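These notes are about the structure you will find just below.
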Amino acid sequence: MSLHDTTRDELREIAGRYPEARSALLPMLHLVQSVEGCVTVEGIETCAEILDLSAAEVSGVATFYTMYKRRPMGEHHVGVCTNTLCAVMGGDAIFERLKDHLEVGNDETTADGKISLEHIECNAACDFAPVMTVNWEFFDQQTPESAVELVDSLRAGEKVQSTRGATITSWRAAERVLAGFEDGLVDEGPAAAGPTLAGLEIAREKGWEAPAPGGGAGPRAANGADGAGGTKTAVATESPEQAAEEADTSRAESETKAAESPADTKGGGSDD
Amino acid sequence: MTDVLTPVLSKNWGDDRAWTLQAYEDQGGYQALTKALSMAPDDLVTLVKDSGLRGRGGAGFPTGMKWSFIPQDDSAAGNKPKYLVVNADESEPGTCKDIPLMMASPHTLVEGVIIAAHAIRAKRAFIYVRGEVLHVVRRLQAAVREAYAAGHLGSNIHGTGVDVDLMVHAGAGAYICGEETALLDSLEGRRGQPRLRPPFPAVEGLYACPTVINNVESIASVPSIVTGGIDWFGSMGTEKSKGYTLYSLSGHVKRPGQYEAPLGITLRELLELGGGMREGAELKFWTPGGSSTPILTAEHLDVPLDYEGVGAAGSMLGTKALQCFDQTTSVVRCVLRWTEFYKHESCGKCTPCREGTYWLVQVLQRLDQGQGQPGDIELLLDLCDNILGRAFCALGDGATSPITSAIQYFRDEFEAGMHTPSSELFPPVASTLFTPVGGAA
Ligand SMILES: Cc1cc2nc3c(=O)[nH]c(=O)nc-3n(C[C@H](O)[C@H](O)[C@H](O)COP(=O)(O)O)c2cc1C
Ligand code: SF4
Ligand code: FES
């Protein structure tokens with residue numbers, strides 16, 4: 001098997017989008033997956049050749065990231081979040097049921113080649129727990145029963161739509177979007193749903209809102225209506241060292257120490 | 001006094017087709033950009049500095065100060081191109097604010113990016129978004145395309161002479177790529193492993209050039225500050241934690257979701273808004289800012305959720321990811337699962353984290369199975385002690401947070417792990433959403 005010329009052209013096109021071509025490697029590997037069904041040796045070699053890297057270097061990158069697959073994937077990738085919160089709320093039960101129902105283990109593909117099942121980590125949708133994904137589209141607030149229905153519909157080739165996104169295409173088609181090629185489905189699905197709107201809905205019911213912009217409705221309104229000119233209030237942190245102390249622990253470390261670094265010329269960016 | 005909830009970022013999320021340029025502009029979008037483009041970059045940096053905006057990605061470092069670290073003088077570094085990179089990797093367990101923001105209103109972020117890039121004089125910007133959120137990637141791609149077509153991006157934006165190019169870059173599944181220097185390596189097409197500092201990203205970041213890395217919510221807050229001004233921003237929040245922010249409520253609560261409020265609101269207030277815990281449930285423990293922040297308990301319901309308040313309670317505000325667990329939940333099971341996550345996501349670069357998380361999982365597994373051995377609790381604490389402060393990056397430190405805090409508050413449950421499996425003490429089925437509290441399987 002050999003990568004088609006169009007694919008090679010598209011891989012080169014991706015490489016051309018970045019100030020330094022190597023930055024394109026992740027999207028290029030997404031494209032390889034969309035064409036080949038996984039990261040193949042040929043795909044690795046082609047990326048290496050275009051980016052002037054060794055195949056070993058590209059392979060080293062590919063194996064680091066969980067979304068890159070070394071074995072051919074099924075038509076659909078089904079993910080079940082089993083990170084703590086989803087697991088507790090039912091994700092573990094859903095994953096068990098699906099393994100049973102599909103007769104596969106984690107990271108395996110059904111005999112008919114339709115579904116690859118994988119337990120996934122927190123997908124930034126915990127307020128919709130328990131969460132599933134199909135080809136990286138959200139399926140929110142699932143139960144073992146709804147999960148079984150979902151995979152059955154997928155296997156039957158029925159039309160399935162994400163609870164907060166577009167009509168399901170295929171894992172390969174999704175990988176193409178991740179490589180940077182739009183698929184025209186952006187306008188499907190809502191802007192937001194359910195939990196995303198919880199606070200906004202309560203605020204509307206109660207008539208709550210943020211102070212009017214520019215108004216300075218609060219206690220520190222002394223400096224006039226329009227603070228955008230940079231009126232200096234006696235606020236906040238004045239020195240990097242103090243900011244470092246006040247910032248949360250080691251996560252602020254890099255920012256913190258930047259203060260001591262030679263970069264801290266405070267040239268044009270400084271206010272005083 | 002401001003209102004209890006103050007939707008600013010979330011204000012337009014319920015709008016029809018809120019993700020489109022049309023809908024965004026109809027409700028005032030890109031007016032902040034017009035204003036910002038008429039301002040000198042240094043004045044923008046000063047504005048954001050004086051607003052008191054602190055990074056929303058977990059550490060709370062002042063955003064304007066970070067911007068001011070970018071060398072703009074005639075030095076070697078000052079003459080290099082500058083880059084702005086938005087951290088949209090959102091993978092910290094429990095954290096779920098940036099993804100819904102970008103799904104509903106990607107233009108808020110794009111507008112913030114253009115303003116921030118202008119402020120630090122960056123001609124190129126990137127949004128590094130985790131790959132596992134296809135529809136969000138679509139919405140970002142379309143927003144960037146629309147912004148170019150409208151002349152908000154590109155060269156000589158609206159005739160002001162300002163050039164900004166923006167690219168959406170999808171990651172490929174690795175929690176560590178949220179760590180800012182690992183993110184840079186990943187964006188350069190490498191394995192995502194943290195870099196040694198110094199040099200710091202402000203001097204040698206992307207392609208060894210001066211780089212600002214900010215969280216999605218931090219950058220998305222900038223347009224409102226440009227429009228509203230610093231006094232408006234400071235009229236919300238507390239003395240040292242200014243402004244509004246997105247709190248994400250999840251778990252055994254009646255109404256999980258996004259709540260945008262002034263910094264300093266308490267969990268009790270947030271829970272009351274949504275009707276409290278689920279029927280018949282009591283709050284047992286919670287994380288204030290994701291799994292890397294030490295857990296808290298019901299005794300902390302009145303802690304002000306700002307950087308200082310949560311810090312004083314022995315934890316961290318982090319990403320304001322309030323994961324609430326009720327009395328049906330086994331602490332040991334939760335801590336084991338989080339630790340398995342850290343072990344899996346450890347990039348392997350340093351020994352304390354790579355080896356330490358492996359051993360932590362071994363010990364926690366046997367405690368979870370009721371087969372703990374005498375001394376296991378001390379062993380856990382000892383292992384944590386050997387990771388905390390010795391790991392190369394904050395992932396290692398974060399991995400110890402759930403363990404040490406859980407032992408502090410629920411030591412008896414770990415002791416029970418010497419003889420009784422967690423699943424016997426706390427049948428998992430009772431914790432699921434499909435079972436009413438007190439109900440059987
Ligand atoms: C393991 C790890 C994961 C992180 N993940 C994220 C993330 O997903 N998003 C984010 O904005 N910051 C994350 N951070 C924090 C970043 O390193 C950095 O502090 C932040 O992006 C700075 O943005 P801010 O100043 O606007 O908050 C992570 C840090 C660590 C150590
Ligand atoms: S602490 Fe963990 S994630 Fe961070 S560099 Fe060390 S091994 Fe990698
Ligand atoms: S824990 Fe499942 S989406 Fe966060």
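Rounded to two decimals, the Cα-based Rg/Rh of the protein assembly as shown, with Kirkwood Rh, is 0.94. Residue separation of B:Leu196 and B:Gln22 scaled by 0.36 nm, minus their Cα-Cα distance, works out to 58.2 nm of gained length. A cut-off of 5 Å between modelled amide H atoms, ignoring neighbours fewer than 5 places along the same chain, links A:Ala125 with no other residue. Legend: mean number of C-beta atoms from other chains within 10 angstrom of residue C-beta atoms, peptide B:42-48, equals 5.
Histogrammed with a bin width of 5 Å, the alpha carbon distances of region B:372-439 distribute as 3, 15, 18, 18, 15, 14, 9, 5, 1, 0 percent, first bin at zero. Across peptide A:24-34, the mean count of Cβ atoms from other chains lying within 10 Å of each residue's own Cβ comes to 3. Please work out the FRET efficiency for the pair B:Asn156 and A:Gln161, using the Cβ-Cβ distance as r and a Förster radius of 56 Å; give the result to the nearest 0.05. Efficiency for this residue pair is about 0.85. Its Cα gyration tensor gives chain B an equivalent ellipsoid. The semi-axes, each the square root of 5 times an eigenvalue, are 39, 25, 19 Å from largest down. Rounded if a/c is under 1.5, else prolate if a/b is larger than b/c, else oblate: which is region B:1-44, with a ≥ b ≥ c the root eigenvalues of its Cα gyration tensor? Oblate is the answer for region B:1-44, as a/c is 1.5 or above yet b/c matches or exceeds a/b. Neighbours of B:Arg195 by Cβ distance under 11 Å: Lys/Arg scored +1, Asp/Glu scored -1, total -2.
When both region A:15-37 and region B:277-338 are represented by their alpha-carbon centers, they are found 40 Å apart. Per-residue 3J(HN,Hα) values for region B:96-103, derived from phi via the Karplus relation 6.51 cos²θ - 1.76 cosθ + 1.60 with θ = phi - 60°, read 8, 10, 5, 4, x, 4, 6, 5 Hz in sequence order (x marks Gly and Pro).
Residues of region A:19-50 with an amide N closer than 20 Å to a point placed 7 Å from the Cα of A:Ala173 along the Cα-to-Cβ direction: A:30-38. Note on B:Asp382 and A:Lys99: with the Förster distance fixed at 30 Å, the Cβ-Cβ geometry gives a FRET efficiency of about 0.25. Note on region A:5-64: the alpha carbon radius of gyration divided by the globular reference 2.2 N^0.38 Å gives 0.97.
Amide H to amide H, with H built 1.01 Å from N, A:Phe138 comes under 5 Å of A:Arg164, B:His135, counting only residues 5 or more places away or on other chains. Within the listed set B:Arg197, B:Arg139, B:Arg411, the residue fluctuating most in the Gaussian network model of chain B (springs between alpha-carbon atoms under 10 angstrom) is B:Arg197. Applying 0.36 nm per residue to the separation of A:Glu182 and A:Ser54 and subtracting their alpha-carbon distance, the gain on full extension is 43.1 nm.
Here the calculated FRET efficiency for A:Thr143 and B:Gln31, from their Cβ-Cβ distance with R0 = 35 Å, stands at 0.20, rounded to the nearest 0.05. 3J(HN,Hα) along region B:11-23: 3, 9, 5, x, 5, 4, 6, 4, 7, 8, 4, 3, 5 Hz, from the Karplus curve 6.51 cos²θ - 1.76 cosθ + 1.60 with θ = phi - 60°, whole Hz, x for Gly and Pro. Length gained on full extension, B:Ala298 to B:Ala208: 27.7 nm, using 0.36 nm per residue less the C-alpha separation. Computed from Cα positions, the angle between helix B:331-345 and the longest principal axis of chain B comes to roughly 50 degrees. Sorting A:95-105, B:230-240 by average packing, meaning the other beta carbons within 10 Å per residue, from highest down gives B:230-240, A:95-105. Cross-link check: pairs B:Lys240/B:Lys284; B:Lys11/B:Lys97; B:Lys97/B:Lys320; B:Lys49/B:Lys97 evaluated at a Cα-Cα cut-off of 19 Å; pairs beyond the cut-off: B:Lys240/B:Lys284; B:Lys49/B:Lys97. Indicate the gyration tensor shape class of region B:2-234 (rounded, prolate or oblate), computed on the Cα atoms with a ≥ b ≥ c the square roots of the eigenvalues: a/c under 1.5 is rounded; otherwise a/b larger than b/c is prolate and the rest oblate. Note, shape of region B:2-234 comes out rounded.
Each peptide in B:330-339, B:98-107 was scored by the mean count of other Cβ atoms within 10 Å over its residues; highest first, the order is B:98-107, B:330-339.
Anisotropy class assigned to region A:76-170 is oblate, per the alpha carbon gyration tensor with a/c at or over the 1.5 cut-off and a/b no larger than b/c. Here the convex hull built on the C-alpha positions of region B:212-337 has a volume of 117 cubic angstrom per residue. Each of the peptides B:242-252, B:175-185, A:166-176 was scored by the mean count of other Cβ atoms within 10 Å over its residues; in descending order, highest first, they stand as B:242-252, B:175-185, A:166-176. Counts of other chain beta carbons within 10 angstrom of each beta carbon in peptide B:90-98 average 5. Leaving out same-chain residues fewer than 8 places away, which lysines sit with a Cα under 19 Å from that of A:Lys69? The reachable lysines, counting only those whose Cα sits under 19 Å from A:Lys69, are A:Lys114. Scanning residues 5 or more positions from B:Gly131 or on other chains, those with amide H under 5 Å from its amide H are B:Gly171, B:Ala172, B:Gly173, with H placed 1.01 Å from N in the peptide plane. Scalar couplings 3J(HN,Hα) for region B:173-186, obtained by applying the Karplus form with A = 6.51, B = -1.76, C = 1.60 to θ = phi - 60°, are x, 5, 4, 4, 5, x, 5, 4, 7, 5, 4, 5, 4, 5 Hz; x denotes Gly and Pro.
A short reminder: the numbers here are calculations on the coordinates, not readings from a lab. Fair warning: this is a prediction, and the values are worked out from it, not measured in the lab. Reconstructed Cβ throughout: ideal geometry from the backbone, glycine too, with neighbour counts over all protein chains shown.
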